[in-house]
Amino acid sequence: MEIKKSRPYEQDDGSKVSFTFDRSDGKIVNIKKDGVSVDPSSEDFTNFSTSEDARAAYNVAKYSSAKKSYLSKSEFAERDNVKTNEELTSYYDTEVKKDLNQQKINAEQNAKEALVKQNATIKETGVGSSSDIFSYPLNFDTTQDHIKIMRHKYVRPGINQSKAANTQSKGLQATKKQTASNARKHHTVYKRATYNSVGDGVAGELIGSILLPMPKVADVNGVEWGKSELTISGLAGLGAIAPLARFTGKDEEASKAAREALKGSQGGALEGTNVAGSSATEFRRALTAQTLSGLAGALTGSSLDADTFLARTSGRVLNPNAEVLFQGPVIRDFAFSFIMIARSQKEGDEIRRIIRFLKLGMAPKFRSTTFLENPDVFKLEYKNGTGTNDILKTVNRFNPGGLALQTMSVDYSPNGYWSAYRDSQPVQLKMDLSFTELRPIYESDQQDTPANSVGY
């Protein structure tokens, strides 16, 4: 079929409609509105095919400049202007596939332009290298949800990095101030100053980044709570030591206060301790039971404890005063799995670069037989866009202190058999990454996230 396409004709609503004719019979085979094929079964197609624009397009396509041969309105209305439904549908299906391919090409071009823009930004700021930005797939669309993996050099600004980001520390700052009497003389004035301390991370210079499709997303937050038990004697001892916290002067002062508190508890008052609610008599009985059970066990060589002694002699046991107490934070782990299919030789090359880039980052640095240097550290972000503020609010964020890539597993035959191209690049592979945050998440970290986000 030899076809002839018309110019676009502007409609009242601002859209543009063009017509495609079969040169052999001059019949309409396709109509496009703003570059998109119109369904031949739709009302729009019927209206466009019988319009004045269709007649004008037909006359130009059929007769070119021979205007005397142009069909009038009535002549155009009387003839059969379109192909059969079967022919229209077949051509329409073909054009739809072409339109989809073109959209894909446009999306790839937009993605490439976004990556070029991102590279230019990094190059301009002097952070990282424009060559060290990798992506899978090659036609990566940064306007879609994705994960960004950034590799940083490991730096150690202080001995304690287990601090929240932007930890505020207060201290005295000395400044010089001129006296009013003599401009040549200065005196030192101390004022309270607030400054950021180290401890919010070990991530130094950016080495490079990887952009990957959104993986399975999950985060688990936890803290350690453990059971704690203290009998009456333990509580009394704790109460005796507690006054130490009130004294910051000489050691003798603190020791004297502790001895007095302990004497008061053993004397039967107990009011100076944290064991109010127990009588002096009960306290003495408990101490007696613990002493006698220990003595009996030593004499007989048996494991006789106070509870066994009391249970068998008086039908009671020491109150353990059990509580569950906070014991510390839990460091979070994150595991990701990516299926990577090489659809071209260039994409296979990019996949290999990504794997090598990650392996280099997690490998320790050999300096001598005495010392090794730390591997690089990573920062992760769930994003939609290329800007610094395009972090997703609908899923968790990652610790600003950085993460360690602890394990990396690459399965080059995930289907159970070897399948590769002529250059031996695996058709498909599975990459599993396991990251661990380098410090806990603190309350101040959570408060530092946007109010409309899920936090860390």
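A few points about this structure:
- Annotation: amide H-H contacts under 5 Å for Ser228 (H modelled 1.01 Å from N, sequence separation of 5 or more, or interchain): Glu323, Val324, Leu325.
- Relative contact order (percent, whole number), region 345-387, Cα cutoff 8 Å, 6+ residue spacing: 25 percent
- If R0 equals 35 Å, the separation of the Cβ atoms of Ala218 and Val155 corresponds to a calculated FRET efficiency of about 0.70.
- Efficiency of FRET between Ser162 and Thr369 - r from beta-carbon atoms, R0 25 angstrom, step 0.05: 0.25
- Given Lys62/Lys98; Lys16/Lys98; Lys98/Lys383; Lys153/Lys216; Lys4/Lys98; Lys4/Lys33, the pairs whose alpha carbons are separated by over 21 Å: Lys62/Lys98; Lys98/Lys383; Lys153/Lys216
- Computed about its Cα centre, the charge dipole of region 3-104 is approximately 640 debye, with only Lys, Arg, Asp and Glu carrying charge at their Cβ.
- Gained length - Glu323 relative to Val96, 0.36 nm times residue gap less alpha-carbon distance: 74.8 nm
- For region 3-104, radius of gyration divided by Kirkwood radius, i.e. Rg to Rh on alpha-carbons: 0.96
- Built amide H within the under 5 Å cut-off of Ile3, gap 5+: Arg23
- Residue exposure sequence - Tyr417, Tyr154 - by fewest surrounding Cβ within 10 Å: Tyr417, Tyr154
Laboratory data are not the source of any read-out in this text; all were calculated from the coordinates shown. None of these values were measured; they are calculated from a predicted model. Don't worry about glycine lacking a Cβ; one is built from the backbone with ideal geometry, like all the others, and counts go over all protein chains shown.
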